[in-house]
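The values are calculated or read from the model by the stated rules, or taken from the named source; none is laboratory data. Since the model is a prediction, treat every value here as computed from it, not as a measurement. Virtual Cβ from ideal backbone geometry, glycine too; neighbours counted across all protein chains shown. Side chains included, ligands, DNA and RNA excluded: accessible areas come from the protein's heavy atoms. Shrake-Rupley method; radii C 1.70, N 1.55, O 1.52, S 1.80 Å.
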Amino acid sequence: MEHEIAEQVLLEKLKSNFGYDSFRLQQQEIIENILAKNDTLVIMPTGGGKSICFQLPALFFEGITIVISPLIALMKDQVDSLKANGIAASYYNSSQSTEEQEKVFDEVVTKKIKLLYVAPESLGLLQNILNKNYVSCIAIDEAHCISAWGHDFRPSYKQLSFLKKSLPGVPIVALTATADKATQEDILKQLAISHATKYISSFNRENISLEVRPANDRVQQIIKFINKKPNEAGIIYCLSRKATEQLASKLKQNNIDAKAYHAGLPFEERAKTQEAFIKDNCEVICATIAFGMGIDKSNVRWVIHYNMPKNIEGYYQEIGRSGRDGLPAKALLFHSYADVIQLRQFIENTGNKEVQEAKLDRMKQFAEATVCRRKILLSYFGELIENNCGNCDVCKNPPQFFDGTVIAQKALSAIYRLGEKEAMGTVIDVLRGAKNATVLDKNYQYLKTYGVGNDISWKDWQHYLIQLVNQGYSQIAFHLNNTLQLTDFSKKVLFNGEKVQLTTPVEIKKEEKTTITKTRKRAIKDTLFERLRKLRYRIAEEENIAAYLVFNDATLKEIERERPRTDEEFLTISGVGQRKLEVYGGEFIEEIKNFLKEKKKTKKDTTLETYKLYKEDFTIEEIAESRKLKPATIFSHLSKLYLEGKDVSLDEFTTPEVIKLVANAKKVLKNEMTLKPYFEFLEEKVPYEQIRVALTILQKKR
Ligand code: ADP
Ligand code: ZN
């Protein structure tokens, strides 16, 4: 490559081979650096878009780009993905027959392929092609595996250090999602590329909303959560193997398509479960942290932590498996006091106890935070953000502080009267005047503080006591059966009149009493998205590839929104390149046309009927009643009429405040078109009709 390649040319390739219109942050610089044959270090979070950084330059090089990756299971997927985009690629590993391997050599020598994926173990077998006549670039994925400092050291990566020596003129690109400073330096040293240009991206995954809830009734909460997200894939992480199985079976009883996954299951079964998940054949996986390492599925829409993770690194990595396509995703963590105690017990028996305890403490602080959670998360990785994120539960619903001095006094004096000998459960029982065996056996009913807190629910007491612990007014003696004890601070409250600020517990709405089967069935509507999804599924089955390799969710959503009806229109969709247009375009366009034809006729008549009644001054309720439709449907008719320029005054159905809230949500949700994400973003406080009306007004304004 003697001369520089113009930006325009890079963009054209990006569109024709990957279907994207623009580069994400830093991608272009990285690509230009590689094309200039410089060694390069890329640190980018999962889902950031590392692959394109070496795949695009590979198209311009004379020889092949060798991609070294430790995950044999992923190679086929990655090669399939390239082929789906019309890029010639192969992989080479020990699972192949000699003939298959010979064929790969042939493809290299005759320059038929642009990329070759290999496992580090197999590199030694490639001696005959490892020279500058054939190889133009070497990309090392999951590069942290080379460092003993990293969290996932692999001895086979050690041998990669010879690459620079034997191929001095060939640029080496090391890529990883693990940021830690010591590991970074070590990667460069081990690979002998200390002068490499470094690109370190932000670890902020803005599209993943963060939420922490107390763990009461978590199974019910999870069922409700999933029922609101029909057809969306998610992972639930549990601490123990048994818990994954129990939870999966409870979910199944509630008609949720869930499967368990942990290292104790037979290999066959695990492989089958993983495959079903990747192919959109199974929606929910209840797993131990063994699940996810080798998973490259871009449309995981949510991750739930049934139990608290051991540390923030683990938490970040696990939630990072959602939303890789950049669309909104949700991370929900259940915080339970019992989990913390259990994790502490695990730590007791391990080597570097102090470090692990400190890490667990940071995790706990994150879970109990009353400030923006993303700030805490990123600061843990050394990244500071100026503003609150607006997409975590604390930002959306800031805790309300109140004067909790009396509550604190009651709690602390109960702890005092119990001789600092009881754990949280019994302290609460005494405060609430419970008449259970523990209380009566020990004659606690005669204590002065017995029953002084019976006006506060059990759950709320738990919330307050945890806060008192967090603020240092009490402490948990982990070495003495987790009994609650007083501290120097407690005395100030009990004797010196110190005031205590507490936060009000967050309301979690009661389970609706509808039967779950019904809600799930009803929720899956005949939308265009559904039809596109089904079509995608059918094609993926036929080609025996993962559904997202046909089009990922982001692309499918855009197709739904834009409804392209010609090849030119179809090609403007992000994620549609030349090959995908040619292979899939026709079928998708046809599906859209059919859908529109069917809907148009029925819609037109019914909307006009509503308009007639509206003009006769009937109220929304009256129109809904007389037409046997839901008010929400009537609102959707009126919105449509309003957009068409008919004489409908929508403003009277909403307020400027609501419009402002929705406008803000619209920004965060990147102009999402369906209502549900708004409803959820606004904490279910703004009714659907109002959201629809506000969105319509905003749309018209534009
Ligand atoms: P990583 O390897 O960093 O985890 P990937 O390379 O798998 O991430 O990319 C994550 C997702 O982002 C993929 O679905 C990919 O197609 C998409 N993507 C990458 N670059 C772009 C881009 N410039 N525009 C739109 N989507 C992109
Ligand atoms: Zn926030």
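Over region 606-701, what portion of Cα pair distances is larger than 19 Å, expressed as a whole percent? It would help to have the intermediate numbers written out before the result.
Values: 1822 of 4560 pairs.
Counting pairs separated by more than 19 Å, the tail of P(r) holds 40 percent.
Gain in length, Lys442 to Lys701, computed as 0.36 nm per residue apart minus the alpha-carbon separation, to one decimal in nm?
Working: separation 259, 0.36 × 259 = 93.24 nm, distance 6.95 nm.
Additional length available on full extension: 86.3 nm.
In nm, what is the difference between 0.36 nm times the number of residues separating Ile341 and Asn231 and their Cα-Cα distance? Don't skip to the answer; put the middle values down first.
Numbers: separation 110, 0.36 × 110 = 39.60 nm, distance 3.54 nm.
That pair, Ile341 and Asn231, stretches by 36.1 nm at full extension.
Hey, how many Å between the Cα centroid of region 38-106 and the Cα centroid of region 542-563?
Going from one Cα centre to the other spans 22 Å.
Between Ser626 and His479, what is the FRET efficiency for a Förster distance of 56 Å, r being their Cβ-Cβ separation, to the nearest 0.05?
Values: r = 71 Å, r/R0 = 1.26.
So, using R0 = 56 Å, E works out to roughly 0.20.
If I model a spin label at Ser240 and Asp455 as a point 7 Å from the Cα along the Cα→Cβ vector, what separation in nanometres do I get?
4.0
For the chain, what is the largest minus smallest coordinate of the Cα atoms on each principal axis, given in angstrom and ordered from greatest to least?
90, 78, 46
Mean shadow of region 208-396, computed from the convex hull of its alpha carbons, in nm²? Each step should come with its number before you reach the end.
Working: hull surface 44.1 nm².
Taking the Cα atoms of region 208-396, their convex hull projects to 11.0 nm² on average.
Which whole-number percentage describes the relative contact order of the chain, with Cα contacts under 8 Å and a sequence gap of 6 or more?
Values: 1055 pairs, mean separation 80.3, N = 702.
In percent, rounded to a whole number, it is 11.
May I ask which of Lys604/Lys676; Lys601/Lys630; Lys580/Lys666; Lys76/Lys272; Lys557/Lys593; Lys83/Lys112 have a Cα-Cα span longer than 18 Å here? If you can, show how the numbers build up before the last one.
Numbers: Lys604/Lys676 24 Å; Lys601/Lys630 20 Å; Lys580/Lys666 30 Å; Lys76/Lys272 16 Å; Lys557/Lys593 16 Å; Lys83/Lys112 13 Å.
Cα-Cα > 18 Å for Lys604/Lys676; Lys601/Lys630; Lys580/Lys666; rest within.
For the pair Arg561/Tyr416, report the inter-label distance in nm, with labels modelled 7 Å from Cα in the Cβ direction.
About 6.0 nm separates the two model spin labels.
If you average 1/r across every pair of different Cα atoms in region 403-503 and take the reciprocal, what Kirkwood value do you get, in Å? Please list the in-between numbers first.
Values: mean 1/r = 0.0753 Å⁻¹.
Radius from the Kirkwood sum: 13.3 Å.
Where does region 166-294 land on the Kirkwood hydrodynamic radius, alpha-carbon pairs, in angstrom?
Values: mean 1/r = 0.0557 Å⁻¹.
Kirkwood radius, region 166-294: 18.0 Å.
Of all DSSP beta bridges located in the chain, what percent are antiparallel, nearest 5? Don't skip to the end; give the middle numbers.
Working: 8 of 57 bridges.
Expressed as a percentage, antiparallel bridges in the chain total about 15.
Between beta-carbons, use under 11 Å as the cut-off and find the net charge around Cys53, counting Lys and Arg +1, Asp and Glu -1. Please list the in-between numbers first.
Numbers: positive: Arg24, Lys50; negative: Glu29, Glu32, Asp141.
Charge balance near Cys53 sits at -1.
In whole percent, and with a 1.4 Å probe on the protein chains, what portion of the accessible area of the chain is carbon and sulfur?
Heavy-atom surface of the chain belonging to carbon and sulfur, 1.4 Å probe: 51 percent.
For Lys37, Lys242, give the ranking by accessible area with the largest first, probe 1.4 Å. Walk me through the numbers before you get to the answer.
Numbers: Lys37 100, Lys242 140 Å².
Highest to lowest solvent-accessible surface, that is Lys242, Lys37.
Figure the gain on full extension for Ala276 and Gln96 (residue separation times 0.36 nm, minus the Cα-Cα span) and round it to one decimal in nm. Can you show the working numbers first?
On the way: separation 180, 0.36 × 180 = 64.80 nm, distance 2.34 nm.
Fully extending the segment from Ala276 to Gln96 adds 62.5 nm.
For the chain, what is the mean residue ellipticity at 222 nm derived from helices alone (per DSSP H run of n ≥ 4: -39500 (n - 2.57); sum divided by total residues; nearest 500 deg cm²/dmol)?
Numbers: 31 runs with 331 residues, N = 702.
The helix-only estimate for the chain comes to -14000 deg cm²/dmol at 222 nm.
Please calculate how many Å² of accessible area the chain carries per residue, with a 1.4 Å probe and no DNA, RNA or ligand atoms counted. Walk me through the intermediate numbers first.
Values: 33740 Å² over 702 residues.
With all protein chains present, the chain gives 48 Å² per residue.
Given N residues in region 7-200, what is its alpha carbon radius of gyration divided by 2.2 N^0.38 Å?
Numbers: Rg = 15.6 Å, N = 194, 2.2 N^0.38 = 16.3 Å.
Dividing the Cα Rg of region 7-200 by 2.2 N^0.38 Å gives 0.96.
Could you work out how far apart the two model spin labels at Gln471 and Ser649 are, taking each label as a point 7 Å from the Cα in the direction of the beta carbon, and quote it in nm?
Between Gln471 and Ser649, the label points sit 5.0 nm apart.
Only residues of region 157-188 count here: report those whose backbone N is under 11 Å from the spot 7 Å along Cα→Cβ of Leu384, or say none.
none
Within the set of other residues whose C-beta is less than 14 Å from the C-beta of Leu480, count the net charge using Lys and Arg as +1 and Asp and Glu as -1. Can you show the working numbers first?
Details: positive: Arg344, Lys421; negative: Glu348, Glu420, Glu422.
Its environment carries a net charge of -1.
If we count every other residue with Cβ under 11 angstrom of Val394's Cβ, Lys/Arg +1 and Asp/Glu -1, where does the sum land? Each step should come with its number before you reach the end.
Numbers: positive: Arg373, Arg374, Lys375, Lys396; negative: Glu211, Glu368, Asp393.
Surrounding charge for Val394 is +1.
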